[in-house]
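Below is one structure, written out as structure tokens; comments come after it.
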Amino acid sequence: MPDRTAYNDSTLVIGLGRFGSAMAATLDRLGREVLAVERDPVLVRQWTGRIPLVEADATDMEALEQLGATEFGTAVVGVATSLEASVLITGNLVDLETPQIWAKAVSRAHGRILRRIGAHHVVYPEFDAGQRAAHLVSGRMLDYIEMEKGGFTIVKMRPPAELHGFTIGESKIRSRYGVTVFGLMSPGEPFEYATPATLVSPDDVLVVGGDAMLLERFANRN
């Protein structure tokens, strides 16, 4: 097998549905080395000239080898509506010893299959988006990111009224609520890392981390 150390920053994105196309276009915009693979000629025509792209069937191992799939440090399988295609593509990448394989799943059962055959990371875009939206509409949270494991979550939120006019140290947020304020954004001001002397105002936005349940309780305080 080739030496993968030279290719760790390159990404192969397979499937140009909404998830795959957003992934490929964003990586390309960020200046990352990316190659998209799509077998649907309609989608190929739609994206030609916008991102690096080849038309190929990634369920075919020979096609993957011909397009140089072994030279990529990361592969993203955006194909999910066809369980058979998703599994075949992921299996091919496992056989090619791709260092990092990210695969989209449409259900928990689908995700378990992908993990069992060797996917390193499984993402559930629809489930995650719905879960995130539920947290945002239910309180004063402005953004919500839950880590894949361990229950650790980071949120952006408006401060509860009981914090207004007090410093982080005076409010004893960590000891009283079990969460940690990492930073604060005031209107018109750049982000600043929080210290015990950081004063909290009603219009501020806090960046807070901790256990998801504790954050929910903290965000829903008056």
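Answer yes if at least one residue in the range 42-49 is in contact (Cβ under 8 Å) with a residue 24 or more places away in the chain, assigned by the TED database to the domain that holds LEU96, open to solvent by less than 20 Å² (accessible area, probe 1.4 Å) and under 24 Å from the mean Cα position of the chain (by Cα), and no otherwise. No, the range 42-49 has no match at all. One residue stands out in the range 112-136 among those that are in a helix (DSSP H, G or I) and modelled with pLDDT of 90 or more: the one that is least open to solvent (accessible area, probe 1.4 Å), namely LEU114.
Checking the stated criteria, ASP204 turns out to be of a type in the set (D, E, K, R) and open to solvent by less than 20 Å² (accessible area, probe 1.4 Å). For the range 18-41, residues that are assigned to a loop (DSSP other than H, G, I, E, B), surrounded by fewer than 17 Cβ atoms within 10 Å (Cβ to Cβ) and at pLDDT 90 or above total 1.
Yes/no matrix, rows are residues, columns are (1) touching a helix residue (DSSP H, G or I) at 6+ places or on another chain (Cβ under 8 Å); (2) acidic (Asp, Glu); (3) farther than 15 Å from ASP143 by Cα:
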| site | (1), (2), (3) |
| --- | --- |
| PHE166 | no, no, yes |
| SER171 | yes, no, yes |
| ARG174 | no, no, yes |
| TYR177 | yes, no, yes |
| PHE182 | no, no, no |
| ALA194 | yes, no, yes |
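Cβ-Cβ distances below 9 Å connect the following pairs, each with a first residue in the range 20-36 that is more than 25 Å from VAL106 (Cβ to Cβ) and in the same structural domain as GLY78 (by the TED database), a second residue that is open to solvent by less than 30 Å² (accessible area, probe 1.4 Å) and polar (S, T, N, Q), and a separation of six or more residues or different chains: ARG32/SER10; ARG32/THR11; GLU33/SER10; GLU33/THR11. Selection within the range 207-222: residues that are open to solvent by 40 Å² or more (accessible area, probe 1.4 Å) and not hydrophobic (A, V, I, L, M, F, W, C). The member of this set that is nearest to the chain's Cα centre (by Cα) is ASP211.
Among the residues of the range 79-96, how many are open to solvent by less than 70 Å² (accessible area, probe 1.4 Å) and touching a residue at least 24 places away in the same chain (Cβ under 8 Å)? The number of residues fulfilling the criteria is 12. If you go through the range 169-197 and keep only what is touching a strand residue (DSSP E or B) at 6+ places or on another chain (Cβ under 6 Å), surrounded by 14 or more Cβ atoms within 10 Å (Cβ to Cβ) and more than 14 Å from GLY209 (Cα to Cα), you end up with just MET185. Out of curiosity, is VAL76 part of a strand (DSSP E or B), open to solvent by less than 30 Å² (accessible area, probe 1.4 Å) and modelled with pLDDT under 90? Criteria not met by VAL76. Would you mind telling me which numbered condition in (1) in contact (Cβ under 8 Å) with a residue 60 or more places away in the chain; (2) assigned to a loop (DSSP other than H, G, I, E, B); (3) open to solvent by less than 60 Å² (accessible area, probe 1.4 Å) ALA58 fails? Answer for ALA58: the failing condition is (1).
The values are calculated or read from the model by the stated rules, or taken from the named source; none is laboratory data. All of these numbers come straight from a predicted model, not from anything done at the bench. No Cβ is skipped: glycine too gets one built from the backbone with ideal geometry, and neighbour counts run over all protein chains shown. To get the accessible areas, we keep the full protein, side chains included, count just its heavy atoms, and leave off ligands, DNA and RNA. Shrake-Rupley method; radii C 1.70, N 1.55, O 1.52, S 1.80 Å.
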